[in-house]
1. Conditions first: (1) aliphatic (A, V, I, L, M); (2) modelled with pLDDT of 80 or more; (3) under 30 Å from residue 59 (Cβ atoms). Residue 81 passes all but one, so which condition is the exception?
2. Evaluate segment 105-119: report whether one residue or more is at pLDDT below 90, part of a loop (DSSP other than H, G, I, E, B) and surrounded by 11 or more Cβ atoms within 10 Å (Cβ to Cβ).
Amino acid sequence: MTDETRNNGEKTRTPTPPVEHQFKPGNPGRPKGSRNKLGEAFLEAMHADFEEYGVKAIAKVRDEKPDQYLKVIASILPKDLNVNINSTDDLTDEQLIERIRQLDSAIRPFLDAQGASGSVGGTGPETTH
């Protein structure tokens, strides 16, 4: 192959003029804050819509499309959740006993109320057949 028949790209490339909407030297681009204004307007419209229909729309989605409802809930929750289930490891025995007493006094009224109605009260777990 000779140099004259070779396609090396330089001879085949034709320069293209800049497209009308491309950035040109000295073009400042989008005005500052224009994207923020669009975002603010969108959020204001969404807020107004939610104020009027939000609770009803949530209830409708929950009833008619529970899978989508759960997707929304999952998307709102934090991605990383650090749960320390061993928060009692550093407590002394006396501190643990005091904590158990506090919890017992907090739930006692609920347990007594359920026992008075006959649904609980030491007779074992509720069962349905």
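1. (2)
2. Looking through segment 105-119, none of the residues is at pLDDT below 90, part of a loop (DSSP other than H, G, I, E, B) and surrounded by 11 or more Cβ atoms within 10 Å (Cβ to Cβ).
The values are calculated or read from the model by the stated rules, or taken from the named source; none is laboratory data. Please read all numbers here as calculations on a predicted model, not as lab measurements. A quick note on method: Cβ atoms are made from the backbone with ideal geometry, for glycine too, and the neighbour counts reach across all protein chains shown.
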